[in-house]
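Novice: One structure is given below, represented as structure tokens, and several questions about it will come after.
Any read-out appearing in this document is the output of simple, stated calculations on the displayed coordinates, not a laboratory observation. Computed from a predicted model, the values in this text were never measured in an experiment. Reconstructed Cβ throughout: ideal geometry from the backbone, glycine too, with neighbour counts over all protein chains shown.
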Amino acid sequence: ATPTAVMVATGKGAAQGVLIKGGNALESAQKVVKYIVFDKTGTLTSGEPVVVGTKLFQNVALKVFFDLVASAEVNSEHPLAKAIIEYAKSLQGTGCKDLLWLPEVKDFKSIAGQGVTAEVSGKRICVGNTRLMAENGIMVSIDVAEQLKETEVMARTGVLGAIGGEIVGLIAIADPVKPEAAAVISYLKSMGIHSLMVTGDNWGTARAIAREIGIDNVIAEAQPSVKAEKIKELQATGMAVAMVGDGINDSPALVAADVGMAIGAGTDIAVEAADIVLMKNNLEDVVTAIDLSRKTFTRIR
Ligand code: ADP
Ligand code: MG
């Protein structure tokens, strides 16, 4: 394609909210004919999860539990943290932008793909998945494990909250799939493109979401390095691979992919790592990008 054709195409893309970072990025999109790997949270789902239920295992008031776990999450940028903080706010009173009451938080740590730990009001708080609990030597009882499984088969993420080394509550968080997700996956299938889902979330929730949108190839509980490894594994078949993601944890995979596509609302690091940015956060623009590339680069053949 001529430089002019590339300029016209990137201009067209930009006008539609598809930011293509140069000629190479544009060209790489038409090479994707077989595999697209999607992150789940914030990519296939809205990324604006909400707390839909809580199960307490200890005799602790709901508000006290949420004051502690939300305080531990205050410094986290994770969407799940935001959902927990929003819910804690609603328990403290309505219409307030910040938590009304914020206990002293020390020693905050965010562990990618696991959750957060902090010392809140002198208590050790862990908020996250079973992996986080295991790493912190916190026992997950059979009762808790069963409740967690029940939460997950309903396509909800179960976040465990531990206080002082004991699991006190299970927070069920729902992250609705994007309205266009299923249609895009099925359209890609009609183009001969297989969609895969690679997520740091647990297997139960991942499978339930995948089923809902028609993806049969799922890898869950994946560390960021696993996401990138999966891209390389697919590339080893000789095919170009696209990755669509929004998180810091997606950036190694976005870089490894032949075409990295970031959700515009995603983290700065993902947006920087990507070749193409989907500013409207709409998955239909994955197809828009491929179409633009194909139209620009098939003319010269
Ligand atoms: P994804 O790959 O689906 O975007 P992440 O890798 O960001 O997911 O997170 C994977 C899992 O780690 C989450 O489903 C959750 O169980 C846990 N987790 C990560 N960050 C947090 C947090 N701030 N609070 C609670 N749980 C978290
Ligand atoms: Mg994500």
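Novice: What's the number of the condition Ala222 fails, among (1) within 15 Å of ligand 2 (Cβ to nearest atom); (2) closer than 22 Å to Gly192 by Cβ; (3) among the aliphatic types (A, V, I, L, M)?
Specialist: (2)
Novice: In segment 187-213, how many are in contact with a Ser or Thr (Cβ under 8 Å, 6 or more places away or on another chain) and either within 16 Å of ligand 2 (Cβ to nearest atom) or hydrophobic (A, V, I, L, M, F, W, C) (or both)?
Specialist: Matching residues across segment 187-213 total 8.
Novice: Mind counting the residues in segment 177-209 that are more than 13 Å from ligand 1 (Cβ to nearest atom), more than 13 Å from Ile219 (Cβ to Cβ) and buried (at least 19 other Cβ atoms within 10 Å of the Cβ)?
Specialist: Counting residues in segment 177-209 that are more than 13 Å from ligand 1 (Cβ to nearest atom), more than 13 Å from Ile219 (Cβ to Cβ) and buried (at least 19 other Cβ atoms within 10 Å of the Cβ) gives 5.
Novice: From the list Ala228, Ala242, Ala262, pick out the single residue that is buried (at least 17 other Cβ atoms within 10 Å of the Cβ) and either in a helix (DSSP H, G or I) or on the phi > 0 side of the Ramachandran plot (or both).
Specialist: Values: Ala242 fails: either in a helix (DSSP H, G or I) or on the phi > 0 side of the Ramachandran plot (or both); Ala262 fails: either in a helix (DSSP H, G or I) or on the phi > 0 side of the Ramachandran plot (or both).
Checking each option against the conditions leaves just Ala228.
Novice: If I go through segment 174-212 residue by residue, how many of them are assigned to a helix (DSSP H, G or I) and either of a type in the set (A, V, I, L, M) or without any contact (Cβ under 8 Å) to a residue 24 or more places away in the chain (or both)? So that I can check it myself, show each step before the final result.
Specialist: Filtering segment 174-212 for residues assigned to a helix (DSSP H, G or I) gives 181-190, 203-212.
Subset that is either of a type in the set (A, V, I, L, M) or without any contact (Cβ under 8 Å) to a residue 24 or more places away in the chain (or both): 181-185, 188, 190, 206-211.
Adding up the residues that qualify gives 13.
Novice: Turning to a different aspect of this structure: Please enumerate the residues belonging to segment 153-164 that are farther than 13 Å from Val69 by Cα and among the small types (Gly, Ala, Ser). Can you show your working first?
Specialist: So in segment 153-164, the residues farther than 13 Å from Val69 by Cα come out as 153-158.
Correct list: Ala155, Gly158.
Novice: Select from segment 251-280 the residues that are within 12 Å of ligand 2 (Cβ to nearest atom) and under 21 Å from Gly13 (Cβ atoms) and write down the one among them that is farthest from the chain's Cα centre (by Cα).
Specialist: Within segment 251-280, the match that is farthest from the chain's Cα centre (by Cα) is Leu254.
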